[in-house]
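Data block below; observations after.
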Amino acid sequence: MRFVLKIIVLVFFWEKHMKSYQVVENGKPLIEKELEKPKASGKSILLKTVSCGICHSDVHIHDGFFELGGDDKLPISLREPLTMGHEVYGEVVEIGEDVKKHQVGRKICCLSMDWLW
């Protein structure tokens, strides 16, 4: 099955801005950023994040490598800055003109991994 619905994830949002916590350098503390709020269009939806899980893949990407056992490590190139977390529960706050399945106000869980591509 092809995934055609693009989900834009927010940590918090206001009228024109959102707050995000980003990795700006491997292994360093996350930095709080205020960013312009994206617009939903086409087949995309905009979510206000209620909760977001961080999995072990996120930890490896933050660290900059996957441990392969022993002293072996597989380096990971990071497109910085990066907002981590791809296991999201949130409320739909905006929908694109081609979205048929979701409505504003609906609460959904989603698996969003745009940072992997």
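The values are calculated or read from the model by the stated rules, or taken from the named source; none is laboratory data. Every value quoted in this text rests on a predicted model; they were computed, and no experiment measured them. With ideal geometry, Cβ positions are generated from the backbone for all residues, glycine too; neighbour counts draw on all protein chains shown.
Scanning the range 66-87 for residues that are over 18 Å from VAL24 (Cβ atoms), free of Cβ contacts under 8 Å to residues at least 12 places away in the same chain and assigned to a loop (DSSP other than H, G, I, E, B) yields GLY70, ASP71. Would you be able to say whether some residue in the range 78-97 is more than 23 Å from LEU35 (Cβ to Cβ), more than 17 Å from the chain's Cα centre (by Cα) and exposed (fewer than 12 other Cβ atoms within 10 Å of the Cβ)? Within the range 78-97, one or more residues are more than 23 Å from LEU35 (Cβ to Cβ), more than 17 Å from the chain's Cα centre (by Cα) and exposed (fewer than 12 other Cβ atoms within 10 Å of the Cβ). Scanning the range 102-117 for residues that are surrounded by fewer than 11 Cβ atoms within 10 Å (Cβ to Cβ) and modelled with pLDDT of 85 or more yields GLN103, GLY105. Here the range 34-65 is the region considered, the condition is being modelled with pLDDT under 90, over 14 Å from the mean Cα position of the chain (by Cα) and assigned to a strand (DSSP E or B), and the residue that is nearest to GLN103 (Cα to Cα) is GLU36. With respect to LEU46, determine if the residue is among the aliphatic types (A, V, I, L, M) and out of contact with any strand residue (DSSP E or B) (no Cβ under 6 Å at 6 or more places or on another chain). For LEU46, the condition - among the aliphatic types (A, V, I, L, M) and out of contact with any strand residue (DSSP E or B) (no Cβ under 6 Å at 6 or more places or on another chain) - is not met.
Filtered by the rule that a residue be of a type in the set (Gly, Ala, Ser) and in a loop (DSSP other than H, G, I, E, B), the range 88-106 gives GLY96, GLY105. Annotation: ARG79 fulfils all but one of (1) of a type in the set (Lys, Arg); (2) at pLDDT below 85; (3) touching a strand residue (DSSP E or B) at 6+ places or on another chain (Cβ under 8 Å); the unmet one is (3).
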